[in-house]
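S.K.: Before we start, here is the structure in question, set down as structure tokens.
The values are calculated or read from the model by the stated rules, or taken from the named source; none is laboratory data. All values derive from a computational prediction rather than experimental measurement. Side chains included, ligands, DNA and RNA excluded: accessible areas come from the protein's heavy atoms. Shrake-Rupley method; radii C 1.70, N 1.55, O 1.52, S 1.80 Å.
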Amino acid sequence: EKEKKKAKQAVSDREKQRIEELKRLDMNDAERKAEDWKGEVYESIPKKDKPFHKFVKRLQRHPDQVMRYQFAGEPLLISGARPTVPPCAACGAERQLEFQIMPGLLSVLEPVPRVEWGTVSVFVCPAACVTEPGRFCQEHVFVEPAV
């Protein structure tokens, strides 16, 4: 009876190991890497570096991006400090982010410019105001310095 129980337990343990092995093989690379580092303790990121860390992490999703279009979205900033954007001069509406030029653009421009930037954010009037027929209002551009 005890021998049968031991044998059954040994089979059960082997089956459990095999199931775990198959689960691990089923994981995608990201899950497998996360599993490999499970239990590791990391230093926390200093508060002042969190916006930069967020910026880098977000860019890693699509490292080749040179422009981000996100009408009425939030700009992805290196410093995390949202710029002060003046209202539309024509109607007084709060300007909205339309697109951002990312620092990766510098690496594809030829000839290589002698300028650097962190991000360039373009804010526009949501009403697309015109000052006179055929002339749009001036929009606002915020240039975030490079780190």
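S.K.: Using a 1.4 angstrom probe on heavy atoms only, work out the carbon and sulfur share of the accessible area of region 49-145 in %. Each step should come with its number before you reach the end.
M.R.: Working: 3640 of 6460 Å².
The nonpolar share, carbon plus sulfur, comes to 56 percent.
S.K.: Per residue, how much accessible area does region 49-145 show when a 1.4 Å probe rolls over the protein heavy atoms, in square angstrom?
M.R.: Numbers: 6460 Å² over 97 residues.
Heavy-atom accessible area per residue stands at 67 Å².
S.K.: So, one more: Under the Karplus relation 6.51 cos²θ - 1.76 cosθ + 1.60, θ = phi - 60°, what is the ordered set of whole-Hz ³J(HN,Hα) values for region 138-147, x standing for Gly and Pro?
M.R.: Running phi through 6.51 cos²θ - 1.76 cosθ + 1.60 with θ = phi - 60° gives 5, 9, 10, 10, 10, 9, 8, x, 5, 7 Hz.
S.K.: I've got another one for you. Report the full-extension gain for the segment residue 47 to residue 132: residue separation times 0.36 nm, less the Cα-Cα distance, to one decimal in nm. Kindly include the intermediate steps, with their values, before the conclusion.
M.R.: Details: separation 85, 0.36 × 85 = 30.60 nm, distance 4.72 nm.
Using 0.36 nm per residue and subtracting the Cα-Cα distance, I get 25.9 nm.
S.K.: Another one. How much length is gained on full extension from residue 18 to residue 70, taking 0.36 nm per residue of separation minus their Cα-Cα distance?
M.R.: Residue separation times 0.36 nm, minus the Cα-Cα distance, leaves 14.0 nm.
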